[in-house]
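The values are calculated or read from the model by the stated rules, or taken from the named source; none is laboratory data. Since this is a predicted model, take the numbers as computed values, not measurements. Please note: Cβ atoms are built from the backbone with ideal geometry, for glycine as well, and neighbour counts cover all protein chains shown. Side chains are part of the model used for accessible areas, which takes the heavy atoms of the whole protein and leaves out ligands, DNA and RNA. Shrake-Rupley method; radii C 1.70, N 1.55, O 1.52, S 1.80 Å.
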Amino acid sequence: MKSLLFQFILVPFVILNFVNNVNAGITSRFIREEWPSVDIPLDHEVFAVPKGYNAPQQVHITQGNYDGNAVIISWITFDEPGSSKVQYGKSDKNYEFSAEGKMTNYTFYKYNSGYIHHVLVDGLEYDTKYYYKTGDGDSAREFWFQTPPMIGPDVPYKFGIIGDLGQTYNSLSTLEHYMESGAQSVLFVGDLSYADRYKYNDVGIRWDSWGRFVEKSTAYQPWIWSAGNHEIEYMPYMNEVTPFKSYLHRYPTPYLASKSSSPMWYAIRRASAHIIMLSSYSPFVKYTPQWKWLEEELNRVDRKKTPWLIVLVHVPIYNSNEAHFMEGESMRAVFEEWFIHHKVDVIFAGHVHAYERSYRISNIRYNVSSGERFPVPDESAPVYITVGDGGNQEGLAGKFRDPQPDYSAFREASYGHSTLEIMNRTHAVYHWNRNDDGKKVLIDSFVLNNQYWSSNVRERKLKRHYLNGMRMIAS
């Protein structure tokens with residue numbers, strides 16, 4: 001463990017920060033000749049349609065229940081509905097179990113989706129590799145996935161964090177670099193395909209191309225979904241006015257397992273982490289369903305079982321980029337005090353097409369009539385990290401506000417992805433990796449102290465010091 005941390009410290013060009021220490025923030029001056037922010041042509045091999053009649057495509061899995069021993073497997077067929085059946089087992093090509101699911105489809109303008117299949121596979125063993133098969137006959141396709149370890153306080157686990165991915169050459173660089181990271185699951189902070197940048201039937205076509213684009217990862221490990229503004233797809237000129245129509249048909253979430261009333265917000269527990277997905281584009285003010293659900297979910301968190309409390313949301317709570325500046329202020333005003341009270345460790349967001357990390361700060365003392373006007377250092381607060389830098393066709397958000405606010409620790413307008421490797425109940429190691437002209441370069445790294453267990457250790461030390469002092473006085 002110690003030697004591992006020393007390796008991180010010695011990596012060249014790494015900026016190592018212990019986030020409880022507030023120092024002068026850094027704005028990276030790195031500029032590269034970015035690849036064009038245009039979508040990859042549809043005839044590119046990354047969008048290749050699987051061979052065979054009615055072959056399953058766009059295969060992806062996500063967690064299927066609250067605690068991780070279930071998955072939802074999804075895919076699409078186009079020639080005919082076919083079977084909504086998954087065969088699976090613990091050895092290659094030996095499928096001793098099967099599960100049946102359901103099929104759905106939808107229209108968008110004059111586009112007709114394929115036949116979308118969703119199958120819940122539950123009752124799985126923890127920390128086990130499963131092989132699975134979808135489709136029929138010679139066109140069936142085979143994949144595998146690994147279930148997480150059983151829930152526990154010191155269970156190590158490595159998450160990837162990706163946002164605002166799209167389907168450009170920059171997106172491809174991010175995806176391929178992530179797949180080399182050794183992470184076991186993706187926490188996705190919204191804005192998937194950017195199909196809403198198109199019109200008419202091309203919207204649906206670009207959803208299909210994105211599903212094939214990411215399949216080489218999503219078919220083999222769970223991507224934990226949350227939605228962004230590019231999933232809304234409110235397009236009255238096409239008579240399409242149902243928000244999130246494509247997203248909700250294609251990408252299911254296990255929302256009922258966490259007693260949520262909507263697939264737009266939900267929670268899961270995985271290894272030693274309790275992860276909460278919030279919706280920036282659903283009502284969240286007091287008394288709304290999302291507000292009420294979050295209040296109850298935060299009270300369900302058991303830090304003795306899942307020490308790490310992680311929140312995903314699309315719009316950043318704290319952001320010093322000119323792009324989308326202060327768009328997260330309304331959610332901050334509603335939820336920030338809860339985040340601090342419940343000792344949330346880290347909050348990941350997307351939306352801004354750049355990278356930024358904050359110090360531990362809060363602005364809960366501010367109100368419209370009195371209080372402090374600016375965020376202040378707060379050891380009880382989470383770290384806020386923006387990773388909306390996946391590579392989409394809108395390009396980078398290169399204009400940061402000047403001067404850099406005191407709450408901003410590091411920021412850079414580059415594409416990339418992050419990883420969070422939980423070591424035990426007290427420490428995790430975080431990395432942000434830049435896409436540097438097609439190469440993965442580690443740029444920002446720090447050791448994250450767990451808010452619940454670190455504060456408990458401090459309290460125990462103070463209590464022990466106090467009791468020792470009292471004994472000395474008594475003697």
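If I go through the stretch 232-282 residue by residue, how many of them are outside any loop (DSSP other than H, G, I, E, B), touching a residue at least 60 places away in the same chain (Cβ under 8 Å), within 18 Å of the chain's Cα centre (by Cα) and farther than 16 Å from VAL301 by Cα? Looking only at that region, the number is 1. Cβ-Cβ contacts under 7 Å between residues 6 or more apart (or on different chains), taken from a first residue in the stretch 424-436 that is in contact (Cβ under 8 Å) with a residue 12 or more places away in the chain to a second residue that is among the acidic types (Asp, Glu) and open to solvent by 40 Å² or more (accessible area, probe 1.4 Å), are listed as ASN424/ASP154; ARG425/ASP154; ALA428/GLU421; VAL429/GLU421. For the stretch 223-238, taking the residues that are open to solvent by 10 Å² or more (accessible area, probe 1.4 Å) and in contact with a Pro (Cβ under 8 Å, 6 or more places away or on another chain), the one that is farthest from ARG250 (Cα to Cα) is identified as TYR234. Put simply, of LEU309, LEU298 the only residue that is out of contact with any Gly (no Cβ under 6 Å at 6 or more places or on another chain), among the aliphatic types (A, V, I, L, M) and in a helix (DSSP H, G or I) is LEU298. The requirement of being assigned to a strand (DSSP E or B), within 14 Å of ASN319 (Cβ to Cβ) and touching a helix residue (DSSP H, G or I) at 6+ places or on another chain (Cβ under 8 Å) is satisfied by ILE347.
If LYS305 meets every condition in (1) in contact with a helix residue (DSSP H, G or I) (Cβ under 9 Å, 6 or more places away or on another chain); (2) surrounded by fewer than 24 Cβ atoms within 10 Å (Cβ to Cβ) apart from one, which number is that one? Against the list (1) in contact with a helix residue (DSSP H, G or I) (Cβ under 9 Å, 6 or more places away or on another chain); (2) surrounded by fewer than 24 Cβ atoms within 10 Å (Cβ to Cβ), LYS305 comes up short only on (1).
What residue, of PRO148, PRO153, is open to solvent by 10 Å² or more (accessible area, probe 1.4 Å), assigned to a loop (DSSP other than H, G, I, E, B) and farther than 21 Å from TRP75 by Cα?
Details: PRO148 fails: open to solvent by 10 Å² or more (accessible area, probe 1.4 Å).
Residue meeting the stated conditions: PRO153.
Looking only at the stretch 156-174, residues that are more than 25 Å from VAL49 (Cα to Cα) and either outside any loop (DSSP other than H, G, I, E, B) or over 21 Å from the mean Cα position of the chain (by Cα) (or both) come to 5 in all. Here the stretch 316-349 is the region considered, the condition is being of a type in the set (Val, Ile, Thr) and open to solvent by 10 Å² or more (accessible area, probe 1.4 Å), and the residue that is farthest from SER445 (Cα to Cα) is VAL334. Can you find even one residue in the stretch 350-370 that is surrounded by fewer than 20 Cβ atoms within 10 Å (Cβ to Cβ), closer than 21 Å to TYR452 by Cα, among the aliphatic types (A, V, I, L, M) and touching a Pro at 6+ places or on another chain (Cβ under 9 Å)? Within the stretch 350-370, not a single residue is surrounded by fewer than 20 Cβ atoms within 10 Å (Cβ to Cβ), closer than 21 Å to TYR452 by Cα, among the aliphatic types (A, V, I, L, M) and touching a Pro at 6+ places or on another chain (Cβ under 9 Å). Does the stretch 217-231 contain any residue that is more than 17 Å from the chain's Cα centre (by Cα) and either among the aliphatic types (A, V, I, L, M) or at negative phi (or both)? No: zero hits.
Only one of the numbered conditions (1) at pLDDT below 70; (2) on the phi < 0 side of the Ramachandran plot is not met by ASP437, and that is (2).
Residue by residue, here is whether (1) open to solvent by 10 Å² or more (accessible area, probe 1.4 Å); (2) assigned to a loop (DSSP other than H, G, I, E, B) holds:
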position	(1), (2)
SER380	yes, yes
GLY390	no, yes
GLY398	yes, yes
ALA409	no, no
LEU420	no, no
ASN435	no, no
SER445	no, no
TRP453	yes, no
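Taking the stated definitions as given, is SER98 of a type in the set (Gly, Ala, Ser) and either open to solvent by 80 Å² or more (accessible area, probe 1.4 Å) or closer than 30 Å to ASP444 by Cα (or both)? Judged against the criteria, SER98 is not a match. From the list HIS118, HIS177, pick out the single residue that is in a strand (DSSP E or B), of a type outside the set (A, V, I, L, M), in contact (Cβ under 8 Å) with a residue 60 or more places away in the chain and closer than 25 Å to MET277 by Cα. Among HIS118, HIS177, only HIS118 is in a strand (DSSP E or B), of a type outside the set (A, V, I, L, M), in contact (Cβ under 8 Å) with a residue 60 or more places away in the chain and closer than 25 Å to MET277 by Cα.
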